[in-house]
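This report refers to the structure that appears directly beneath it.
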Amino acid sequence: MSSPKSSDLTQAQRDRLAFIELRLRYCGELRRQELVARFGIRAAAATRDIAEYRNLAPRNLEYDTKNKLYVRAAQFWPIFDFPVDRVLTWLSRGYADGEPVPRKPVVPHEGTRLAGNVDLELVSVLTRAIHQGCAAEVYYRAMSSGLTTREIVPFALADSGLRWHVRAFDRRTGEFRDFVLARLTDARLLSGPIKDNERSADDIEWNRITELELVPHPANVQHPDTIESEYGMNGGFLKVRVRAALAGYLLRRWNVDCTNDHSLKGGEYQLWLRNRQALYGVSNLLLAPGYSGTDRDH
């Protein structure tokens, strides 16, 4: 459904109504104070905005008298048509929560990213599970096992630069893993407590920060100063701090040669990882160009 078109609403009000819907849809709840803090309005104005949203979508929210907040109703149906990139930007960056209307760019702009088939309603199940600290049952298409049912405990979204994932504990394997959002086919929240070993604090690779030292490729780059200038290198190298769980994605995205002897050939390999020992213990290194678990330094 498109955005509400009431002529009595100002643009500022419409932006606040969109924020109300985002909080309900992806967090599962809304407090009046969140509207006050986000938009710098008085409590009475926030109350009127919530009443206006309820007037437009009476089945979308209910009031929880015990916790004194509004919660997403079971029959929720969005009245704002948010595109996927806007929702993911809001979830990960905290902005772009105004009414989703087409706007003219300041300068011409085009992108090359492939649009994954991300279902926002399935995303909302995961983000509500994250917000509420509970598990979810998902139907997931994996490369190795096809369509399977999993119970996962999600705790964060992750952007690999090419596609979006959710980081979660997988009860089927007993491991923390990444699940591609576009490979979800169904999802629902699960009741019941989660165990301590399923929480993000137990995810070693997520909590470990790895320092990667990237340098111009010794064999493929004729003018290393060009690469040094492009990446703002200091002293001929760039130090990148990244979660160990995401290191493989970064190395793949930027075509970083991870061989011991910088032996990958081709103009796409303009960077070399000079401290490959920093990758020990990282599990997703099948993505790292030229890295082999059997080709370790001794």
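Do any helices (runs of 4 or more DSSP H) entirely within segment 155-269 hold 1 or more residues that are among the small types (Gly, Ala, Ser), and if so, which? Walk me through how you get there before you give the answer.
Values: elements: 204-207, 224-231, 247-253.
Here the list reads 224-231, 247-253.
So LEU91 fits all but one of (1) under 25 Å from the mean Cα position of the chain (by Cα); (2) assigned to a loop (DSSP other than H, G, I, E, B); (3) of a type outside the set (Val, Ile, Thr); what number is the exception?
For LEU91, the failing item is (2).
Please specify each residue of segment 94-122 satisfying the condition of being acidic (Asp, Glu) and outside any loop (DSSP other than H, G, I, E, B). Can you show your working first?
Within segment 94-122, the first condition is being acidic (Asp, Glu), and the residues that meet it are 97, 99, 110, 119, 121.
Listed by number, the list holds a single entry, GLU121.
Just name the residue that is nearest to LEU246 (Cα to Cα) out of those in segment 126-173 that are among the aliphatic types (A, V, I, L, M) and surrounded by fewer than 21 Cβ atoms within 10 Å (Cβ to Cβ).
Among them, the one singled out is ALA158.
Only one residue in LYS239, LYS195 is assigned by TED's automatic domain parsing to the domain that holds ALA158, at pLDDT 95 or above and either of a type outside the set (Val, Ile, Thr) or under 20 Å from ASN275 (Cβ atoms) (or both). Which one?
Values: LYS239 fails: assigned by TED's automatic domain parsing to the domain that holds ALA158.
After applying the criteria, what remains is LYS195.
Restricting to segment 44-99, and then to whatever is of a type in the set (D, E, K, R), over 18 Å from GLN33 (Cα atoms) and without any contact (Cβ under 8 Å) to a residue 40 or more places away in the chain, can you tell me which residue is surrounded by the most Cβ atoms within 10 Å (Cβ to Cβ)?
So, considering only residues that are of a type in the set (D, E, K, R), over 18 Å from GLN33 (Cα atoms) and without any contact (Cβ under 8 Å) to a residue 40 or more places away in the chain, the one surrounded by the most Cβ atoms within 10 Å (Cβ to Cβ) is ARG86.
Could you pull out the residue among ILE204, ILE227 that is closer than 30 Å to ARG167 by Cβ and among the β-branched types (Val, Ile, Thr)?
ILE204
Six or more apart or on different chains, Cβ under 7 Å: which pairs go from a residue in segment 108-133 that's modelled with pLDDT of 95 or more to one that's surrounded by 12 or more Cβ atoms within 10 Å (Cβ to Cβ) and hydroxyl-bearing (Ser, Thr, Tyr)? Could you list them?
SER124/TYR26; THR127/TYR26; ARG128/TYR26
Which of (1) within 20 Å of the chain's Cα centre (by Cα); (2) assigned to a helix (DSSP H, G or I) does ALA278 not meet, given it meets every other one?
(1) is the only condition that ALA278 fails.
Would you say GLY248 is at positive phi and assigned by TED's automatic domain parsing to the domain that holds ALA219?
no
The values are calculated or read from the model by the stated rules, or taken from the named source; none is laboratory data. All of these numbers come straight from a predicted model, not from anything done at the bench. Cβ sites come from the backbone with ideal geometry, for glycine too, and all protein chains shown count toward neighbours.
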